[in-house]
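See structure below.
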2 protein chains.
Amino acid sequence: MASTTFTLHYGSMIINESISPGKNLLELIHSLPSVNIDAPCGGKGTCGKCRVRIIEGEASPVSDAEKKFLSAADIKKGIRLACKTLPEGSVTVVLEDSMHNAKIMESGGLPYTGRLNPLLKKKVMNLPPASLEDQRSLETRLLQALPEGSVLDHRIRLKLAELQQKEQYEMTLSFCDTTITNLTPGSDMTPSYALAVDIGTTTVVAYLVNLSTGQMMGTASGLNTQKSFGADVISRIDYIGDDKEKLSQLQQRICSQIEELASKTLKAAGLNEEDLMAVFAAGNTTMMHILQGLSPQTIARAPFIPVSTEAMILKPSEIASQLPDHVRFVLLPSLSGYIGADIVAGILSTEIAESEDLCLLVDIGTNGEIAMGNKDSLTSCSTAAGPAFEGANIQCGVGGIPGAISSFRSDGNSFSFETIDDKPVSGICGSGIIDLTAYLLKAGLVDFTGRFQDESDWRNNPPASKDSLINKDGEIRFVWENKEDSLYFTQKDLREVQLAKGSIGAGIATLVKESGHSLDDIKKVYLAGGFGSYIDHQSALAIGLLPQELQGRIHCVGNSCGAGVIRCALNRDEMEKTKMILNKTKYIELSSNKGFQEEYMLNMYFPEYD
Amino acid sequence: MASTTFTLHYGSMIINESISPGKNLLELIHSLPSVNIDAPCGGKGTCGKCRVRIIEGEASPVSDAEKKFLSAADIKKGIRLACKTLPEGSVTVVLEDSMHNAKIMESGGLPYTGRLNPLLKKKVMNLPPASLEDQRSLETRLLQALPEGSVLDHRIRLKLAELQQKEQYEMTLSFCDTTITNLTPGSDMTPSYALAVDIGTTTVVAYLVNLSTGQMMGTASGLNTQKSFGADVISRIDYIGDDKEKLSQLQQRICSQIEELASKTLKAAGLNEEDLMAVFAAGNTTMMHILQGLSPQTIARAPFIPVSTEAMILKPSEIASQLPDHVRFVLLPSLSGYIGADIVAGILSTEIAESEDLCLLVDIGTNGEIAMGNKDSLTSCSTAAGPAFEGANIQCGVGGIPGAISSFRSDGNSFSFETIDDKPVSGICGSGIIDLTAYLLKAGLVDFTGRFQDESDWRNNPPASKDSLINKDGEIRFVWENKEDSLYFTQKDLREVQLAKGSIGAGIATLVKESGHSLDDIKKVYLAGGFGSYIDHQSALAIGLLPQELQGRIHCVGNSCGAGVIRCALNRDEMEKTKMILNKTKYIELSSNKGFQEEYMLNMYFPEYD
């Protein structure tokens, strides 16, 4: 049998691979390390996002699963769902590279203006030359000139041997705490740099900072390249299962992505890898596990136990990173399986754990992570909001890509919307979904239980012409711009919103109750994350995503995780504070919390409007 | 041109290699990792020891350098010096495997009867299972159950991830101090073992000890497989030069040899590599450098500065050892370039640094290392004795191999000798050389200046018939058994003995003087090392190798280095004591010591006999 080839057109690239029998197109695409495909469900055929176009060759017949997501026109054009399509012989496939265009918030949250005291430092040593009167070994000479407890690893000792041969006694040492991470001959007091990385499930953002001045040198970001293995942590954990190869595959993805972001920011600043001393990183507990090559499997099943939540300093070789040996990965600690280092970093940068006032931090993603407290104590919880606010499980939903409807405005009869970058509409993203829901509620098209107006009501209160409720095959949906096949919002979509907002609201209510406070006690609400920054506060209050009592106290803090990681890079005391945060913070497991279930039911309802 | 082949018959092995052009036979043999050839001068053509026999093929003509060492009969048989012979086309060569038969003292010096408190320990942990009420990560759970400061390296964390997946909370940890070196599921309190290794320039001896009981499980030894690269440290340093490949070649030799000794002793005790927790090692400073892959080059030139003399714990991967990852190499510290970890170990096992009495430790090899002192302070020095006492540079000299004459006895007219293992005479080794010198002095055949009796004296005092002075081509030599071509001792040989004994004697005298003591103050003299154990004390005193004032106080302590290393393996406090020894011990550099030069001249003379 002649060998069969899989050819992929991806952006400007054309990639050829021989086909392993039995693999579907998604699996074939997954095997290409430089290609990213959007597959939020991780290949289960339930999200309909992994669309590809076959332009040559044959494949398995279009399945029923695909027909749910593909129109007749799609099928005619050769569009298929990659996860449901088996090639039959050689095939050539086109994949639109939409993932590189996502709008990612790179702003580093609340700025850090504290003192510089980085964990990683350089030091020039000029040792007295050896003589017959002073025959101490070079290593002894060095150790005796350094603070007690300084540690040389063997790689540094080999460099010392080279200096000894040249009888070179001036050297520049790099330190990570008390460990010498690099040694170069002569004096080199050029600044050194760290990359602060926020590893989101969806997006990865990196900030290059100058450790000598605290200056921000540049930022870079991209959609998490693990995204093609599932949109949320559970899908990725499912994908990995107990397969070490797959864990290593995802680990390599994030390591390569960090290398790329490092290379990009360094290059833009006129620097190179030798100038980079460290990568500081935080992400949710699953992202931290994958980065470290630790199986995240038990995070996904009760009692949700991680392998590690400790702060950690690792060498590139320990996590399969290709960065130079002298670089150190400094990982922030997590609190539990669902309150990760990203939230610890967020608590750090918002200074909640040092605040006199009671504060609330809400980070909405596929999980809604919530922390509340002040300098005395904190409580935290994590609720499974689902991916509705990220545009997944919403029929016309998309992520924050150009053309996504990000806001709706309605002023009586006029109804308008904006898309990201003013591009032609590609769908509706999270902030748009919240605005739209608020509009539907206020306009009375949906009642507080989340039910669309019944057709029988329309005669009394006819929908606006362009933007109106229709009955499509027995299902009530809201359609706008008269585009009933591309711009609509269904009863099922609305239910997804209810589940998402209900879980966030219930989480907040549970924390308030468990800590013995009332909503009125909360002086500041920090909305974290890219999504938190884009949503309209009024709409969030209108749909009850946030309790209406909190009106006027809401602050968007942008990427509070990134800001916390930057703090740790610039000041080791901030890294120390993470321990204090862990000690102070109580984690409330909602799955076994009776009050939460009740709150969840209540919070699924919308506020009432007449 | 057809490829040419080098064929080597070595013991029962026949090895074929294609010939790299321009390489002499010694270099070709060096490229075979499993072959050992005796080449004390390291290939300079000055020792005449790297004899091989060509049985097929052609080679470069016999050089003048070779003619100094080879008889006409040798040349006729095809005997050549490997270092001076270039193959011309394919050749087949026989190399007698004499190195494997050396008699090596394996006795572990003064036995250790102190308490057991090994640096490496096992511990079984049974952690409380996780629950929704206790969601701490497995790592946190473990760290909180361990003493503060316990360190997990990343490899152990990966094992922890496997346990977490199985929800296995019972585990056995191995510790090296506070670092976890191994983790196995379940409870395993079988004993663990350490290999204590004495890395001599000439011989390597290993002792397998049970860390739980202190029991000696077995010993194994062999000639140092680096020996074919030079008999003494200077030749090996010369061989290495600044070539990293050659350094790595010698490092791999010693690592492989340690692996072999480990495997041999473990197998004999019914154990395997998994049971081995650590290799404790000491040797001279150059051997320690080579083991660690640190260039020893600057030890060989003034001011004789080593790269490292520190105690060190290394992973197998750091020194290219193939032992399992969990094994730790624990290296004893050295004092200076020429007072190595072997002497530190010797000081430890003889307990000099804790003694009320003034003690003297003398370790005679190619260097004579001498330490003197008591619990208050110690002084030490190293003298270049040269390899005479190891049989090198002595025309009929051999190492301590079977058939080597190891002792002479003379009782008036009767003159007898013994060979090692009663084998047919193969030459004369160090202890025999000392006995013979003492005989020659006492018999008046040599005067106190080291000059053989002149032919003119023979008429008055005719030499004994079988064992007598002869004049061979104008050189006076002592011949015994009438074998004037195979059993003789020349004026030049005697001069080598004078240089060697002079340097040791001068070293002792200098230490005594520098420390403000007199010879009478010395209460105990410890003769260390295999050689020290085999020499006859009376002969050593007779030739002035040791001052006659020390008569009656001499103790042979066998392998005092090995005994010290064993102590460190069994009790971490002993390892700590090495620091105390370093702090207490002053090193006297003899090359810049004016008193030493004078003492050296004086000590070159022999005691006078009439």
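Key figures
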| item | result |
| --- | --- |
| Condition check for B:I319: within 11 Å of chain A (Cβ to nearest Cβ) and either more than 17 Å from the chain's Cα centre (by Cα) or among the aliphatic types (A, V, I, L, M) (or both) | yes |
| Total residues in segment B:212-242, condition crowded, with 21+ Cβ neighbours inside 10 Å and under 18 Å from B:P118 (Cα atoms) | 0 |
| Among (1) of a type outside the set (A, V, I, L, M); (2) away from every other protein chain (no Cβ under 14 Å); (3) within 20 Å of B:V205 (Cβ to Cβ); (4) open to solvent by less than 10 Å² (accessible area, probe 1.4 Å) - the single one B:C359 does not satisfy | (3) |
| Exclusive hit being in contact (Cβ under 8 Å) with a residue 60 or more places away in the chain and polar (S, T, N, Q), set B:S406, B:S414 | B:S406 |
| Residues satisfying the stated conditions in segment B:132-157, i.e. part of a helix (DSSP H, G or I) and among the hydrophobic types (A, V, I, L, M, F, W, C) | B:L138, B:L142, B:L143, B:A145, B:I156 |
| Residues (touching a Leu at 6+ places or on another chain (Cβ under 8 Å) and farther than 24 Å from B:P306 by Cβ) located in segment A:176-190 | A:C176, A:D177 |
| Residue check for B:V279: open to solvent by less than 20 Å² (accessible area, probe 1.4 Å), farther than 22 Å from B:T178 by Cα, outside any helix (DSSP H, G or I) and of a type in the set (A, V, I, L, M) | no |
| Among the residues listed as A:L511, A:L469, the single one being open to solvent by less than 40 Å² (accessible area, probe 1.4 Å) and without any contact (Cβ under 8 Å) to a residue 40 or more places away in the chain | A:L469 |
| Those residues of segment A:310-325 which are within 26 Å of A:T383 (Cα to Cα) and touching a residue at least 40 places away in the same chain (Cβ under 8 Å), in sequence order | A:A311 |
| Residue that is modelled with the lowest pLDDT, among those in segment B:125-144 that are open to solvent by 50 Å² or more (accessible area, probe 1.4 Å) and more than 11 Å from chain A (Cβ to nearest Cβ) | B:P128 |
| Test for B:T286: is it within 14 Å of chain A (Cβ to nearest Cβ) and either over 19 Å from B:G562 (Cβ atoms) or free of Cβ contacts under 8 Å to residues at least 60 places away in the same chain (or both) | no |
| Tally of residues being touching a residue at least 12 places away in the same chain (Cβ under 8 Å) and not in a strand (DSSP E or B) across segment A:9-22 | 3 |
| Inter-residue pairs, beta-carbon under 9 Å, first open to solvent by 60 Å² or more (accessible area, probe 1.4 Å) and in segment B:259-274, second in a helix (DSSP H, G or I) and of a type in the set (S, T, N, Q), 6+ apart | B:N272/B:S263; B:E273/B:S263 |
| Segment A:336-346: number of residues that are out of contact with any Lys or Arg (no Cβ under 9 Å at 6 or more places or on another chain) and either surrounded by fewer than 24 Cβ atoms within 10 Å (Cβ to Cβ) or away from chain B (no Cβ under 14 Å) (or both) | 3 |
| Options A:G22, A:G48: the member that is over 18 Å from A:T225 (Cβ atoms) and open to solvent by less than 20 Å² (accessible area, probe 1.4 Å) | A:G48 |
| Every residue from segment B:293-313 that is buried (at least 21 other Cβ atoms within 10 Å of the Cβ), facing another protein chain (nearest Cβ under 7 Å) and of a type in the set (A, V, I, L, M, F, W, C) | B:L294, B:I305, B:V307 |
| Scope segment B:583-605; condition under 15 Å from B:S334 (Cα atoms), open to solvent by 40 Å² or more (accessible area, probe 1.4 Å) and either more than 13 Å from every other protein chain (Cβ to nearest Cβ) or not aromatic (F, W, Y) (or both); matching residues | B:N583, B:K584, B:K586 |
| Among (1) in contact with a Cys (Cβ under 6 Å, 6 or more places away or on another chain); (2) surrounded by 19 or more Cβ atoms within 10 Å (Cβ to Cβ); (3) on the phi > 0 side of the Ramachandran plot, the one test that A:A320 misses | (2) |
| Among (1) surrounded by fewer than 18 Cβ atoms within 10 Å (Cβ to Cβ); (2) farther than 16 Å from A:K227 by Cβ; (3) not polar (S, T, N, Q), the one test that A:V93 misses | (1) |
| Strands (runs of 3 or more DSSP E) contained in segment A:362-456 and holding at least 1 residues crowded, with 23+ Cβ neighbours inside 10 Å and not assigned by TED's automatic domain parsing to the domain that holds A:Y600 | A:404-411 |
| Scope segment B:51-92; condition closer than 21 Å to B:S426 by Cβ and touching a residue at least 60 places away in the same chain (Cβ under 8 Å); matching residues | B:S71 |
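The values are calculated or read from the model by the stated rules, or taken from the named source; none is laboratory data. Since the model is a prediction, treat every value here as computed from it, not as a measurement. FYI the Cβ positions are ideal-geometry reconstructions off the backbone, even for glycines, and counts take in every protein chain you see. Note: accessible area is taken over every heavy atom of the protein model, side chains too, but ligands, DNA and RNA are not part of it. Shrake-Rupley method; radii C 1.70, N 1.55, O 1.52, S 1.80 Å.
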